[in-house]
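Just so it is clear, none of the values below were taken in a lab; they were calculated from the coordinates. This is a predicted model, so every value here is computed, not measured. Positions of Cβ are backbone-derived with ideal geometry, glycine not excepted, and every protein chain shown enters the neighbour counts.
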Amino acid sequence: KSQMPQTRWASTIATVREPLGGVSSRVLKSATKSRSLPGAPDGEYVVVQFQTSFANKAAATETVVLSHEASGWKVDGYFIR
């Protein structure tokens with residue numbers, strides 16, 4: 001079972017959510033495995049969504065796209081809506 005290094009996760013999300021402030025709550029909404037994503041090469045992907053509240057934004061949806069590579073899982077995308 002591969003794992004993504006914690007330092008890579010932290011550096012990826014820090015710059016995206018910094019203006020929103022700290023996380024006050026986070027609940028897993030869904031985790032979906034897929035072999036293809038629009039605009040991405042075929043491979044193994046997991047799309048994880050959280051219902052998250054930040055200090056400066058309530059009820060946001062955080063989406064993390066992970067792709068599997070030979071060295072393990074990698075953050076391919078991180079979005080907040």
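Let me check I've understood the local charge: for Leu20, count other residues with C-beta under 14 angstrom from its C-beta, Lys and Arg +1, Asp and Glu -1. What total comes out? Provide the component values of the computation, followed by the final result.
Details: positive: Arg17, Arg26, Lys57, Arg81; negative: Glu18, Glu62.
Neighbourhood net charge equals +2.
Under 5 Å from the amide H of Gly77 lie the amide H atoms of Val65, each residue being 5 or more positions distant or on a separate chain, with H modelled from the backbone and absent for Pro and chain starts. Near the amide H of Phe54, within less than 5 Å, lie the amide hydrogens of Ser24, Ala59, Ala60, all on another chain or at least 5 residues away, with H placed in the peptide plane. With each label modelled as a point 7 angstrom along the Cα→C-beta vector, the Phe79-Asp42 pair spans 2.4 nm.
Karplus-derived 3J(HN,Hα) values for the stretch 30-42, using 6.51 cos²θ - 1.76 cosθ + 1.60 with θ = phi - 60°, are 6, 9, 10, 8, 8, 9, 8, 10, x, x, 10, x, 4 Hz; glycine and proline are entered as x.
About its Cα centre, the dipole of the stretch 22-75 is roughly 200 debye, where the only charges are +1 on Lys and Arg Cβ and -1 on Asp and Glu Cβ.
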